[in-house]
Each structure stands twice: as structure tokens, then as C-alpha cells.
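Enquirer: Structure provided below as C-alpha cells; questions to follow.
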Amino acid sequence: MSQVTCGEWAIVQKRFINAFITILINSEKTFINYVIPSAKRNCKNCKSPTQNHSVIEDNLFHIQNRLGIPTDSQCSCKESQKEPHKIYAWTPPGLPADKIDEYFAQLPNNKVPRWKSPGEQYREKQLVLQLPKQDLALAYCQYLDTMHQKSFEDFVNMRNELALDIAYIREYLDRPNECAKCRGTMLKGDVAVIAPKFGECVSWHPACFVCSTCDELLVDLTHCVKDRKLYCERHFAEQIKPRCSACDERLIILVIAGRV
């Protein structure tokens, strides 16, 4: 199988990210009201902390929907048209079965997204934590008035154009390389994570492709880049402006809008 180049991947990613805002705004009740562990909220039903829930709402959309990647029959993306994997809730696009297994074998077992496993629950929670809905589109901003919407849109456009990306898995390295995080040796033939914004010569061990702040695996390889560092979207946004620890929204919205 031929290698995917940064240029080819960038073309695909541009189409994906261009749909980022549109689908989110037009989606009706796409995501659940789930907050980060530091937000001291309780479930309205059982009164326990929301982060203690082991099951996320069944219709939580996968990463393509959350980022606005089209998944209908008109989409040319092969990944969106194939049947769900029999073992995993998510797999890196374009990999043969043996390389999928090799990729997941390098992740902590409790973070491998096998169907109906702790790893699937971990992935679903990270989708919500790393990609907070109020960071993604105006439709989810409760405290933003009309006069400051342009400031928020400027932030979104800046992030989407300069920082947001999705990595891909190279089936095998054609030469030894150094992992960009742990600085350990990656051998010729190893599977490797490639983040296009860093170039094709920079690679990571699968387990090393994590956020620089929370050190969690970057969910479905989705990430932002700032100062040559990897971040999940949540912590990228917090590099730009702080976030309210109580509501998880108000401070970042007001600061971005220039009101704090």
C-alpha cells in the first residue's frame, strides 16, 4: 500500500474542517450536557457527579460528526462508508486489519476502544472533554451576546485554519526515527503517528501521541498545534484564554469576547 503524503492528507483535512461549523450548528441536540471533572455539577437524575457516569448517551456522535466530517452516502471518504468494525468502536482510517491490531497493541489496554469495554467508555468521555461543544460553535454558547459573536468566530476561524488537525497512522516507517515525545527509538517497519503540521519526518509512538497539558491520548488523533506542541482542543483554547472552572464556558466566552 502506498504511503499517504502530507499534501494528500491536507486536501482531505481541509474538506473536513471546512464543514466544521456548518454541521454542528445545524445538528439538533447533538451532544449531551457533560462537563469536565473540575466542574462541580451533579447529574439531575441520580445526583452523583457527572464524571462518575460510566455510560455516555447512546447517540453520542463519533469524531466525524463532532468535527463536521460528512458521513452520508454522498461522502467520498471510504472510512465513512464502510461497516462498523467488529471489534473496535473506532479505528484509524485506511489501515489493514493487522496494522490496526498492531496500533492498538501499543496503547494501554484500558484505553483501547473495543466495543462495550472500558476503552470505549474512555474514548466517549474524551470526545466530550477534549472537544467541548461550547468551543466549537455559537449554537452552544449560552452566555455570548450578539455584539460579541464576531470575536468568537474570529477565534474559531483562527483555530481551524492554523491549529486544528487530524493525524494519520503510517503503516510502517521506512527508516529508524526518534519519537517526538519520548525521544525513544522507532524502528524501521514500526507503525507511527504522523501529524501533518509537523511534517512527514516527525513521528510518534501511538501511546506518545498525547496532549501536552492533560497527557491524555488525543481522541481519534484529533489535535491542535501551538508553538510546536500538541494539545487537545480544550487545552489549546486555554492556552489562548482561561476557562471558568464552574460553568466550563462563561469565562472563556467572555474573555474571547473582550469583556474580562
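The values are calculated or read from the model by the stated rules, or taken from the named source; none is laboratory data. Fair warning: this is a prediction, and the values are worked out from it, not measured in the lab. Cβ atoms come from the backbone with ideal geometry, glycine included; neighbour counts cover every protein chain shown. Note: accessible area is taken over every heavy atom of the protein model, side chains too, but ligands, DNA and RNA are not part of it. Shrake-Rupley method; radii C 1.70, N 1.55, O 1.52, S 1.80 Å.
Enquirer: Please identify which residues in the range 211-233 have an amide N closer than 19 Å to a label point set 7 Å out from the Cα of C201, following the Cα→Cβ vector.
Expert: 228-229
Enquirer: On to the next question. Carbon-plus-sulfur fraction of the accessible area of the range 96-209, 1.4 Å probe, in percent?
Expert: Working: 2710 of 5280 Å².
Answer for the range 96-209: carbon and sulfur cover 51 percent of the accessible area.
Enquirer: Moving on. In the range 165-196, which trypsin sites (Lys or Arg not before Pro) are in a loop and have at most 14 other Cβ atoms within 10 Å, using DSSP for the loop call? Mind dumping the intermediate values first?
Expert: On the way: sites: R170, K181, R183, K188; in loops: K181, R183, K188.
Within the range 165-196, the qualifying trypsin sites (Lys or Arg not before Pro) (loop, at most 14 other Cβ atoms within 10 Å) are R183, K188.
Enquirer: Under a Cβ-only charge scheme (Lys and Arg +1, Asp and Glu -1), can you give me the dipole magnitude of the range 113-221 about the Cα centre, in debye to the nearest 20? Don't jump to the answer; show the numbers that get you there.
Expert: Working: 13 positive and 16 negative charges, 64 e Å.
With only Lys, Arg, Asp and Glu charged at Cβ, the dipole is about 300 debye.
Enquirer: Considering only protein heavy atoms, what per residue accessible area in square angstrom results for the range 94-178 with a 1.4 angstrom probe?
Expert: Values: 4080 Å² over 85 residues.
Result: 48 Å² of accessible area for each residue.
Enquirer: Near C224, within a Cβ-to-Cβ distance under 13 Å, what is the net charge of the other residues, with Lys and Arg +1 and Asp and Glu -1?
Expert: Values: positive: R159, K197, K226, R228, K229, R234; negative: D135, E161, D165, D227, E233, E238.
With Lys, Arg at +1 and Asp, Glu at -1, the net is 0.
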